[in-house]
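Below is one structure, written out as C-alpha cells; comments come after it.
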Amino acid sequence: MLFQKQDMEQEIYEWRSEEDKQLYLGQPSRRAFNRFNGDQVLFLINFYGSLTEHFTLQEGKKIEHKLLHLLPTEVKSEISVFNWIRNDNA
C-alpha cells in the first residue's frame with residue numbers, strides 16, 4: 001500500500017516542486033529531516049511501509065502523527081528518523 005498526500009491528516013506541510021521530489025527516491029540518507037516537508041514525510045512513511053508485509057493506511061497515519069508530535073529533537077537525519085520509526089514500531 002502506498003501512503004499518499006491525500007491520506008495525510010495534517011495540512012501544515014510544505015510541498016516541493018516536481019523536480020525537487022526526485023530527491024526522495026531510494027533509501028533514507030544522512031540528509032537533514034524536516035518534519036514539515038510533506039514530500040520527505042511521505043518518503044519515510046512509504047519506505048518503512050515497503051519493508052513491512054501488511055502496511056495499512058492506519059499505520060501510515062500513526063507514523064505521520066508520531067513524526068510530527070513525538071519525534072525526539074536529537075533525531076536529525078533521514079536514517080536516524082527511519083531507525084526511530086522502525087524501533088518504535090517493532
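The values are calculated or read from the model by the stated rules, or taken from the named source; none is laboratory data. Since the structure is predicted, the reported quantities are computational estimates derived from the model, not experimental observations. Quick reminder, even Gly has a Cβ in these numbers, built from the backbone with ideal geometry, and neighbours come from all protein chains shown.
Some points to look at:
- Close contacts from region 1-25, counting a first residue that is without any contact (Cβ under 8 Å) to a residue 24 or more places away in the chain and a second that is part of a loop (DSSP other than H, G, I, E, B) and surrounded by 11 or more Cβ atoms within 10 Å (Cβ to Cβ), with Cβ to Cβ under 8 Å and a gap of 6+ residues or different chains, come to Leu23/Arg16; Leu23/Arg31.
- Hits in region 44-56 (condition: more than 17 Å from Glu11 (Cα to Cα) and among the hydrophobic types (A, V, I, L, M, F, W, C)): Leu44, Phe47, Leu51, Phe55
- First in region 57-70 and more than 11 Å from Ile45 (Cα to Cα), second anywhere and surrounded by fewer than 12 Cβ atoms within 10 Å (Cβ to Cβ) and modelled with pLDDT of 95 or more, Cβ under 7 Å, 6 or more apart: none
- The combined condition, being more than 11 Å from the chain's Cα centre (by Cα) and modelled with pLDDT under 95, is not fulfilled by Gln58.
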